[in-house]
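Take a look at the following structure, please.
The values are calculated or read from the model by the stated rules, or taken from the named source; none is laboratory data. If you're wondering where the values come from, they're calculated on a predicted model, not measured in any experiment. Reconstructed Cβ throughout: ideal geometry from the backbone, glycine too, with neighbour counts over all protein chains shown. Note: accessible area is taken over every heavy atom of the protein model, side chains too, but ligands, DNA and RNA are not part of it. Shrake-Rupley method; radii C 1.70, N 1.55, O 1.52, S 1.80 Å.
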Amino acid sequence: MRIRVGAASAALAALLAAAAAVPAQADGHGDAGDDRRTGTGSAAADTFMTRGDYVHFSGTVQGRINAHGWWTKNSGPATSAKVTIWLQGGSGWRTLDKGVKTVPPGGGSNKRAVANWGCTNFVAKNDFRSVVDVDIVGYPDGASKLVTKTQTLYCGI
């Protein structure tokens, strides 16, 4: 049996390079992103990334879960966007809270929309996710939204 070290090394190098390209996590709670463009066709007015962290327990308010939505600008003249976030949980992805805020790009506590929910108990295990929509102020865009990865938390609805 002959082992092809060169091909295996090249494959491993490609995997490591791909892993290094993944963006860093925000707030230590995981981070999801979705590339989007405003405008139509190849002459888009702006390119940006819709961002959101996974639903998580609040670090400042005990007994609450929350999620954040924001955007980062890749190119273009836009300076603000209306960010809407829905925190969803339970059967059929019922919306538990909705947050809307017009913010500049970047994230951080003053540049994001927040949705939160007060847990009724810490015995019931439920699935939660967030849905984030970014609308660049002054430019049309499509209907796509970012849906974050489902998180299972001990938080009663």
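Condition first: among the hydrophobic types (A, V, I, L, M, F, W, C) and closer than 14 Å to residue 117 by Cβ. Now tell me which residues in segment 57-71 satisfy that.
Hits for segment 57-71 are 57, 61, 65, 67.
Right, another one. When residue 105 is evaluated against the numbered criteria (1) open to solvent by 60 Å² or more (accessible area, probe 1.4 Å); (2) touching a strand residue (DSSP E or B) at 6+ places or on another chain (Cβ under 9 Å); (3) assigned to a loop (DSSP other than H, G, I, E, B); (4) not aliphatic (A, V, I, L, M), which criterion, by number, is the only one it fails?
Condition not satisfied by residue 105: (1).
Condition (residue is assigned to a loop (DSSP other than H, G, I, E, B), without any contact (Cβ under 8 Å) to a residue 24 or more places away in the chain and of a type in the set (Ser, Thr, Tyr)) applied to segment 69-90: is it met by at least one residue?
Looking through segment 69-90, none of the residues is assigned to a loop (DSSP other than H, G, I, E, B), without any contact (Cβ under 8 Å) to a residue 24 or more places away in the chain and of a type in the set (Ser, Thr, Tyr).
Can you say whether residue 152 is more than 14 Å from residue 71 (Cα to Cα) and in a strand (DSSP E or B), as far as the supplied structure shows?
yes
Run residue 140 past the list (1) under 19 Å from residue 64 (Cβ atoms); (2) open to solvent by 30 Å² or more (accessible area, probe 1.4 Å); (3) touching a residue at least 40 places away in the same chain (Cβ under 8 Å); (4) touching a Gly at 6+ places or on another chain (Cβ under 8 Å) and report the number of the one that doesn't hold.
(1)
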